[in-house]
Structure formats: C-alpha cells, structure tokens
Amino acid sequence: MKKELEGFIEPGSEEEKLIKKIDFSRLPRHIAIIMDGNGRWAKERNLPRIRGHEEGIKSVKETVETCARLGIKYLTLYAFSKENWKRPKTEVNALWKLLENYLRNEDKILVENNLSLKMIGQLEGLPNSVQRELKRVIDLTKNNNGMYIILALNYGGRTEIVDAVRKLFDEAKKGFDINNLDESSFSKFLYTSEFPDPDLVIRTSGEMRISNFLLWQIAYSEIWITPVLWPDFRKRDLLEAILDYQKRERRFGGLSPSDYS
Ligand code: IPE
Ligand code: IPE
Ligand code: MG
C-alpha cells in the first residue's frame, strides 16, 4: 500500500479492499463535491439543522485527509451557494461561524501537510470576520502545493460567468481584442482560472441536480451521486466514487479507441 495510506487504512477493512482496486496512475486530478444533506441528517434524528452542519465538518476533515493521502491534486468543496442566503438568518450565521472555527482550528494541519487553501465565489459578501480568517489561512498556505482545497463560498455558477464577462469588458477597454476570445482565454476570467476543470463531481443526499455549481467547468466532468447524506460520508464512499469513475470511459465527444478501425 502507498506509504501515505499506511496507518490510515485499517488492514483487512472494507476500505483496504477498495484501495487495492484503485489504479493510482488514473486518479481524478480534480474532485468537486456538492456537500448536501446536512439538514435531512439532523431531521432524521430530531435535531436542529445546525447539528447536521456541525456533523458535516467531520466529513469535510475526513474527505480532505483521504484525498490528500490518495494523491488527489485539487479538491473543491461547495460549502455555501449564493442562493443559500435565502435560509433563516440563524442557520446562515451558524454556517459562517462553523467555517470560521474550521479555519482557526485547521490552519496548522494545512501547513504541516503542505495543503493550500483557495476560495472561489464573491468574497466581499462574506461576514468580515470570515473574510479575515480566510485571507489569513489562504496567505499562510499560499506556497504549499501538496493539494489545493478550493472552498466555494457565496458561489454561484451563473454569477461567476457574469463576473467573467465584466472582467472581459475591462480588459477589452484596455486593449484586449475580442476576436482573440476563445474557450481557453474566456476560462482565464473565471474564479477558477488557476485550476483544471473537475474530472469527477460528487453529490451527496441523492439530489439529481447541479444547483448552480461550476456550470462552465463541468462540461465534461463525470458525475457520481450517492444517497448517503453528507454527515455520513466517509472514506469508503469517496473510494467507491473514485472506483466508479475509473470504470467510466471518457469520450469527450469522440469514439472509444476500439471504434476507430
Ligand atoms: C448542505 O446541507 C449544506 C449547505 C447547503 C450549506 P443542506 O443544509 O442543504 O441539507 P438538506 O439538503 O436540507 O438536507
Ligand atoms: C447546494 O445545496 C449548495 C451547497 C451544497 C453548498 P442546496 O441544498 O443549497 O441545493 P438545493 O437547494 O437542494 O438545490
Ligand atoms: Mg440541501
């Protein structure tokens, strides 16, 4: 077994069996996760929704650690959409508080493990104290290159495209020739300009929708949906997603090699 996984995966466990099936030369470079189902997890237990979000933090920690140990290069986590502001103020405030605490508590772990924190979304819309913490941890980890953890916060896919067009207009005023615009140059105006497109998108809690997540970037991503609610999501689920991804044939509109004669 890969040395990074020794001691992390119990010998003889279900996880070990799954790991043995993984082809480490064909890992998804970028995994993006729509972490959904915290509210339902709490409801099933007659607990307040906020307890579901708290429990979801454990899944975040386990997923980050598993991805880093496996050798995934980019992990995007959809943590708060632009539309999530519609929720009651108490829930919204609790979510930001949880993020702030996560950043305060995890900074050392990120540094020690060569992990770099990034964010996509509209930073200006976040509470000031969260903005401060985020900037601090992003700056603290900016030279790390083991794995990039990209938090989607106050993020909306359509807004991102509109924001990109605004930036494009600014550049056009400064002399950028619109005739040179193509998919690749347009991508440079998106929040994700530094990152490759996701290879694999995971959504928990069984919803079969995208909910305004990375609309441009997922054009050819493989999608894996599990009924597991986010607070119950564990390394075993992640490994299953990766294995399923490895069984797929990505054709990008072409044909399988065997179809060319
Ligand atoms: C995901 O869980 C967390 C966020 C969207 C912030 P939900 O809070 O959406 O949980 P459900 O979908 O209501 O179960
Ligand atoms: C998507 O989940 C957003 C995040 C996971 C942050 P939602 O719970 O907000 O999505 P809908 O409302 O079910 O589409
Ligand atoms: Mg939801």
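How many residues are more than 16 Å from ligand 2 (Cβ to nearest atom) and basic (K, R) if we restrict to region 70-88?
Qualifying residue count, region 70-88: 1.
Exactly one condition in (1) surrounded by 16 or more Cβ atoms within 10 Å (Cβ to Cβ); (2) part of a helix (DSSP H, G or I) is false for R132; which is it?
With respect to (1) surrounded by 16 or more Cβ atoms within 10 Å (Cβ to Cβ); (2) part of a helix (DSSP H, G or I), R132 is out only on (1).
Which one of these does V130 not meet: (1) within 15 Å of ligand 1 (Cβ to nearest atom); (2) over 25 Å from I50 (Cβ atoms); (3) among the β-branched types (V, I, T)?
With respect to (1) within 15 Å of ligand 1 (Cβ to nearest atom); (2) over 25 Å from I50 (Cβ atoms); (3) among the β-branched types (V, I, T), V130 is out only on (2).
Name the helices (runs of 4 or more DSSP H) wholly inside region 146-261 in which the number of residues that are within 16 Å of ligand 1 (Cβ to nearest atom) and within 17 Å of T63 (Cα to Cα) is 1 or more.
The qualifying helices (runs of 4 or more DSSP H) are 235-247.
Just one of (1) buried (at least 21 other Cβ atoms within 10 Å of the Cβ); (2) within 20 Å of P198 (Cα to Cα); (3) in contact with a strand residue (DSSP E or B) (Cβ under 6 Å, 6 or more places away or on another chain); (4) not small (G, A, S) trips up E160, so point out which.
It is condition (3) that E160 fails.
Hey, can you tell me all the residues within region 216-248 that are open to solvent by 50 Å² or more (accessible area, probe 1.4 Å) and among the aliphatic types (A, V, I, L, M)?
A219, I223, I225
If the requirement is being crowded, with 19+ Cβ neighbours inside 10 Å, out of contact with any strand residue (DSSP E or B) (no Cβ under 6 Å at 6 or more places or on another chain) and not small (G, A, S), which of these qualifies: F213, F189, F169?
The unique qualifying residue is F189.
Please work out if I150 is within 16 Å of ligand 2 (Cβ to nearest atom), open to solvent by less than 30 Å² (accessible area, probe 1.4 Å), in contact with a helix residue (DSSP H, G or I) (Cβ under 9 Å, 6 or more places away or on another chain) and β-branched (V, I, T). Give the steps one after another, and end with the answer.
Numbers: within 16 Å of ligand 2 (Cβ to nearest atom): yes; open to solvent by less than 30 Å² (accessible area, probe 1.4 Å): yes; in contact with a helix residue (DSSP H, G or I) (Cβ under 9 Å, 6 or more places away or on another chain): no; β-branched (V, I, T): yes.
Criteria not met by I150.
Considering every residue within region 56-67, establish whether at least one is free of Cβ contacts under 8 Å to residues at least 60 places away in the same chain, touching a Phe, Trp or Tyr at 6+ places or on another chain (Cβ under 6 Å) and of a type in the set (G, A, S).
No, the conditions are met nowhere in region 56-67.
Looking only at helices (runs of 4 or more DSSP H) that lie completely in region 5-96, which have at least 3 residues being crowded, with 20+ Cβ neighbours inside 10 Å and at pLDDT 95 or above?
So the answer is 38-44, 49-70.
The values are calculated or read from the model by the stated rules, or taken from the named source; none is laboratory data. All values reported here derive from a predicted model rather than from experimental measurement. Ideal geometry is used to build each Cβ from the backbone, glycine not excepted, and the neighbour counts take in all protein chains shown. With ligands, DNA and RNA removed, areas are computed over all heavy atoms of the protein, side chains included. Shrake-Rupley method; radii C 1.70, N 1.55, O 1.52, S 1.80 Å.
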